[in-house]
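The values are calculated or read from the model by the stated rules, or taken from the named source; none is laboratory data. In this text, all values refer to a predicted model and were calculated from it rather than measured experimentally. Positions of Cβ are generated from backbone atoms using ideal geometry, with glycine treated the same way; all protein chains shown enter the neighbour counts. All accessible areas refer to the heavy atoms of the entire protein, side chains included, with ligands and DNA or RNA removed. Shrake-Rupley method; radii C 1.70, N 1.55, O 1.52, S 1.80 Å.
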Amino acid sequence: MNVLVLGGAGYVGSHAVYQLVEQGYRTIVVDNLETGHRGAVHEEAVFYQGDIRDKDFLRSVFEKEQIDGVIHFAANSLVGESMENPLKYFDNNVYGTQSTLEVMNEFGVKHIVFSSTAATYGEPEQVPITEKMKTDPTNAYGETKLAMEKMMRWCDEAYGIKFVSLRYFNVAGARGVIGEDHAPETHLIPIILQVALGQREHITIFGEDYDTPDGTCIRDYIHVDDLIEAHILALDYLKRTGESNIFNLGSSRGFSVKEMIHAAREVTGHPIPEKIGERRAGDPSKLIASSEKAKKVMGWEPSRTSIETMIGDAWKWHETHPNGYDDRKGE
Ligand code: UFG
């Protein structure tokens, strides 16, 4: 089976490419390298540099490769940036998906697995969050992902393009040779580990006055390799059932920011000084997934659910790659 991975040079996409190659899929990667890294792409994958909004470019890839299914990770994903520049998000995320679906339809490709987010729910009325709960994004990033899901639903009705949308909670961990490298970095675990590496003096906790046991925000962390296993199951699900569906992916357990810092101290042996700062705009207090549906319907079983494993695997990557992929072009 030939799988096209859009955004296969990014943090999550590159982990998908490794698993696909290891499982014998012929893997074709498209990435514009705006935030991705060429060095993150498995050497056995076929790589095309280009932008999914460029339909002629996409057509040329579909012409050269016999694509059986698409996994779509190519999107901007920073909540804060999306609030400052929503049109960038509508353009790259929503229009990029439109262009992808148009070209898929032209070439008769009927299956797409889509990288969605818990940010589609907004501030939940209760946790754990199930797929039946209302979607009401509190930021432009989540709004674009919801719009992309809705677009796929109508393309299913009109053209029979079947999709599985996977709503991720907080993705963590890495594998030895690839890992998380964003510039600028905004995510909690890499920032904590940068403190442990001596690249930052302290971690600032964004608010200690939330309605949670220790006052800091609670998130549901999922190991990137468990997350990717669900994508491969989703490809099988599409082939088996020919039906579209939406699944949450998390570990169904919440950890506060303080608990994460504590666990990172244990893993790294570094004191990791902390300071309390202001709340960050748009942060919900508590996000925990119910992933029962993915387990029941797709047979997904996450196995790397210990927070020490997730932080430990991220730490191995950060320790061996203190400057990430080291490919910054003066940005
Ligand atoms: N945090 C800090 N200090 C920091 C960085 C983060 O206290 O320096 C806190 C945040 O306020 C939040 C928690 O750590 O409470 C996790 O923050 P991240 O930035 O790591 O992740 P988010 O929960 O904000 O966002 C992630 C993804 C989004 C996705 C969202 C869905 O980055 O793309 O999960 O739940 F939309």
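Using packing as a proxy for protection, rank 260-272, 287-299 so that the peptide with the highest average count of other Cβ atoms within 10 Å comes first.
Details: 260-272: 17.2, 287-299: 19.2.
Put in order of decreasing packing, that is 287-299, 260-272.
Between H270 and D209, what is the label-point separation in nm under the 7 Å Cα-to-beta-carbon projection?
Each label point lies 7 Å from its Cα, and together they span 3.1 nm.
Less than 16 Å from a label point 7 Å out along the Cα-to-Cβ axis of N105: which backbone N atoms in segment 138-166 qualify, by residue?
So the set is 148-163.
Rounded to the nearest 20 debye, what is the charge dipole size of the chain about its Cα centre when +1 sits on each Lys and Arg Cβ and -1 on each Asp and Glu Cβ? Please report the intermediate quantities before stating the final value.
Details: 34 positive and 51 negative charges, 122 e Å.
Once rounded to the nearest 20, the dipole reads 580 debye.
Please list 3J(HN,Hα) in residue order for segment 207-213, calculated via the Karplus relation 6.51 cos²θ - 1.76 cosθ + 1.60 where θ = phi - 60°; whole Hz, with x for glycine and proline.
3J(HN,Hα) across segment 207-213, in whole Hz: x, 10, 10, 7, 7, 9, x.
In debye, nearest 20, what is the charge dipole magnitude of segment 190-258 about its Cα centre with +1 on Lys and Arg Cβ and -1 on Asp and Glu Cβ, if you could check? Please report the intermediate quantities before stating the final value.
Working: 6 positive and 11 negative charges, 37 e Å.
Roughly 180 debye, rounded to the nearest 20.
Shape call for segment 181-243 from the C-alpha gyration tensor, a ≥ b ≥ c root eigenvalues: rounded (a/c under 1.5), prolate (a/b greater than b/c) or oblate? Please list the in-between numbers first.
Details: a/c = 4.01, a/b = 1.89, b/c = 2.13.
In terms of gyration-tensor shape, oblate.
First compute the accessible area of the chain with a 1.4 Å probe, then give the percent of it belonging to carbon and sulfur atoms.
Values: 6730 of 14160 Å².
The C+S portion of the solvent-accessible surface of the chain is 48 percent.
For K316, go through the lysines and keep the ones whose alpha-carbon is under 26 Å away, minus same-chain ones fewer than eight residues off.
K258, K275, K329
Full-extension gain between A183 and R280, please, as 0.36 nm times their residue separation minus the C-alpha to C-alpha distance. Write out the running numbers ahead of the final one.
On the way: separation 97, 0.36 × 97 = 34.92 nm, distance 1.87 nm.
Stretched out fully, the A183 to R280 stretch lengthens by 33.0 nm.
With no solvent and one point on each alpha carbon, what is the Debye value of log10 I(q)/I(0) for the chain at q = 0.08, 0.09, 0.15 Å⁻¹?
Summing over Cα pairs of the chain leads to -0.35, -0.44, -1.32.
Using Cα springs under 10 Å in a Gaussian network model of the chain, which residue among E143, E102, E84 shows the largest mean-square fluctuation?
Per the Cα network of the chain with a 10 Å cutoff, E84 tops the list.
If you take the beta carbon distance between E259 and D236 as r and set R0 to 45 Å, what does 1/(1 + (r/R0)^6) give as a FRET efficiency, to the nearest 0.05?
On the way: r = 35 Å, r/R0 = 0.78.
After rounding, the FRET efficiency stands at 0.80.
Of all DSSP beta bridges in the chain, what percent run antiparallel (nearest 5)? Before the final figure, lay out each step's value.
Numbers: 3 of 40 bridges.
For the chain, the DSSP antiparallel bridge percentage is about 10.
Can you give the extra length, in nm with one decimal, that the chain gains between E63 and T320 once fully stretched, where that is 0.36 nm per residue apart less the Cα-Cα distance? Could you put the intermediate results ahead of the total?
Values: separation 257, 0.36 × 257 = 92.52 nm, distance 3.94 nm.
Difference between extended and current length: 88.6 nm.
Express the C-alpha Rg of segment 48-113 as a ratio against the empirical globular expectation 2.2 N^0.38 Å, rounded to two decimals.
1.19
Around W300, under 12 Å between beta carbons, what's the net of Lys plus Arg minus Asp minus Glu among the other residues? Let's see the in-between values first.
Numbers: positive: K293, K295, K296; negative: D226, E229, D236, E292, E301.
Charge balance in the 12 Å sphere: -2.
With a 10 Å cut-off between alpha carbons and a GNM built on the chain, which of T100, T212, T241 moves the most?
T241
Given Cβ point charges of +1 (Lys, Arg) and -1 (Asp, Glu) and nothing else, what value in debye, to the nearest 20, does the dipole of segment 219-280 about its Cα centre take?
Working: 9 positive and 10 negative charges, 57 e Å.
My answer is approximately 280 debye.
Please identify, among K316, K64, K88, the residue showing maximal mean-square fluctuation in a Gaussian network model of the chain using a 10 angstrom Cα cutoff.
Sorting by GNM fluctuation, first place goes to K64.
With all protein chains present and a 1.4 Å probe, how do R153, R200, R167 order by accessible area, largest first? Write out the running numbers ahead of the final one.
Details: R153 110, R200 90, R167 10 Å².
Result of the area sort, largest leading: R153, R200, R167.
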